[in-house]
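Before any comments, here is the structure.
The values are calculated or read from the model by the stated rules, or taken from the named source; none is laboratory data. Small disclaimer: the values here were computed from a predicted structure and weren't measured. Cβ placement follows ideal geometry from the backbone for every residue including glycine, while neighbour counts extend to all protein chains displayed. What goes into the accessible areas is simple: the full protein's heavy atoms, side chains included, and nothing from ligands, DNA or RNA. Shrake-Rupley method; radii C 1.70, N 1.55, O 1.52, S 1.80 Å.
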Amino acid sequence: MPRRKEPRIPDAVLDQLLAGADAKTAFDPDGLLDDLKKALAERVLNAEMDHHLAGEELGNRRNGYGKKTVVTDTGKIELEVPRDRQASFDPQLIAKYQRRFPGFDDKIVSMYARGMSTREIVGHLRDLYGIDVSPDLISAVTDAVLEEVAAWQARPLEATYPLIFFDALRVKIRDEGLVRNKAVHIALGVRADGTKEILGLWLEQNEGAKFWLRVMNELKNRGVEDVLVAVVDGLKGFPDAITAVFPQASVQTCIVHLLRHSLDFVSWKDRKPVAAALKDIYRAVDAAAGETALTAFEEGAWGCKYPAIGQSWRRAWSEVVPFYAFPVDVRRILYTTNAIEALNSKLRRAVRARGHFPSDEAAMKLLFLVLNRAEKEWIMPPREWCMAKAQFAVLFGERFTRAMA
């Protein structure tokens, strides 16, 4: 049997702390845990004061204590903060004007990232911890994320991405007194080792060639030199904008989106057999066999019952054809339930919980936090990537091997 790991705090110390106290009340407001936080915080503050005075001129010295109430994740505690004669002491643990204990802001941001509104967070803190904070405080804490968003949106990127998925999500945002539908565009890049990265977020009410050209130029200015395959959802002007900036890129309609759009026409009970029937189209050996399978679907029972499906595939067929040039291992990366679909699911849940956003900044703030949490869960590349990597090396030669270097 494995040996029990020695605790970081000896049992004798814990026994001494709990002596004569009811262990059940240790986590209550003003219980042992709050007493420990208070004692440790005051000890750190006093140590900081000693360090500060050691580097000061001889005329400066301690000048008693001031009281300060700070909010923690378990309630409020009152600290005795040391003062100096020259009022030059600025503690690092809890700054002069800071009213929240370290770590408390992280909890607020975490709740906000899970889709809770500012007022819901206020109610949650009141019910769970007995803490009364204002919605303005919650907004101030989460607004600090906006600087992080700006830095993240301007960070340098890889020189080459074998795959970039582009997608859009519709959100409702209050603008000039009206609630308008705006599109949030997401770029998900796949590196040469198969790991994924969100390249950026762009919020725009009107899409068009000029907007997409601006996005492509932004990616290039941030260091992207080559894109092997760009997967898009039939957005107007997008293929031309991509090839204008990355002329060697292969632009491919996202098969997953085409399938999802097809199933929008289908009743719930028919979805499974219709999805199975559509597999013959995108699993065909080549473009000619795929078109034959599409014709067979249109003439079959499901194609006759849902004629809009065949029409939607026909309209997008010129952007589907490049898909058949890829080998099976690469195709599977493009048509299986990919990372951007799982990402969209998380984003939609957060957006639905809000209804609409008061501003563009509020929407970007929440979506960034959701994406940031999602990225931390991406540890391993897709299981198909090992085989696809070998195929990319054959298909794209030095363009791919440079990215592997």
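At the residue level, GLU78 shows approximately 90 square angstrom of accessible surface with a 1.4 angstrom probe and all protein chains present. For SER117, the solvent-accessible surface computed with a 1.4 Å probe is close to 40 Å², ligands and nucleic acids excluded. Near the amide H of VAL251, within less than 5 Å, lie the amide hydrogens of ALA230, all on another chain or at least 5 residues away, with H placed in the peptide plane. The accessible-area ordering, largest first, of the residues ARG354, ARG349 stands as ARG349, ARG354, per a 1.4 angstrom probe.
Accessible surface for ILE77 stands near 10 Å², nearest 10, in the context of the full protein assembly shown (1.4 Å probe). Size descriptor for segment 184-322, Kirkwood hydrodynamic radius: 16.7 Å (Cα pairs only, one decimal). Across segment 389-400, computed HN-Hα scalar couplings (Karplus, 6.51 cos²θ - 1.76 cosθ + 1.60, θ = phi - 60°) run 4, 5, 5, 4, 4, 6, 5, 10, x, 5, 4, 7 Hz from first to last residue, x flagging Gly and Pro. Residues whose amide H lies under 5 Å from that of PHE357, counting only those 5 or more places away or on a different chain, are LYS172, ILE173, ARG174; hydrogens are built 1.01 Å from N in the peptide plane.
Using the alpha carbons alone, the radius of gyration of segment 326-405 stands to its Kirkwood radius in an Rg to Rh ratio of 1.14. A simple packing score, the average count of other Cβ atoms within 10 Å per residue, orders the peptides 160-168, 254-262, 293-301 as 160-168, 254-262, 293-301, with the highest score first. When the charge dipole of segment 225-328 is built from unit charges on Cβ atoms (+1 for Lys and Arg, -1 for Asp and Glu) and taken about the Cα centre, the candidate among GLY237, SER267, VAL285 whose Cα reaches farthest toward its positive end is SER267. Each residue of segment 347-354 was assigned a 3J(HN,Hα) from its phi angle through the Karplus expression (A = 6.51, B = -1.76, C = 1.60, θ = phi - 60°), giving 5, 5, 4, 5, 5, 4, 5, 8 Hz with x at Gly and Pro. The order of GLU341, GLU176 by accessible area, most exposed first and with a 1.4 Å probe, is GLU176, GLU341. The simple spin-label model puts a point 7 Å past each Cα toward its Cβ; for ASN372 and ARG119 those points are separated by 2.6 nm. Applying 0.36 nm per residue to the separation of GLU204 and ASP175 and subtracting their alpha-carbon distance, the gain on full extension is 9.2 nm.
Gain on full extension, evaluated as 0.36 nm per residue between ASN46 and TRP268 minus their Cα-Cα distance, stands at 73.3 nm.
Extending 7 Å from Cα along the Cβ direction at ARG61 and again at ARG126 yields two label points whose distance is 4.9 nm.
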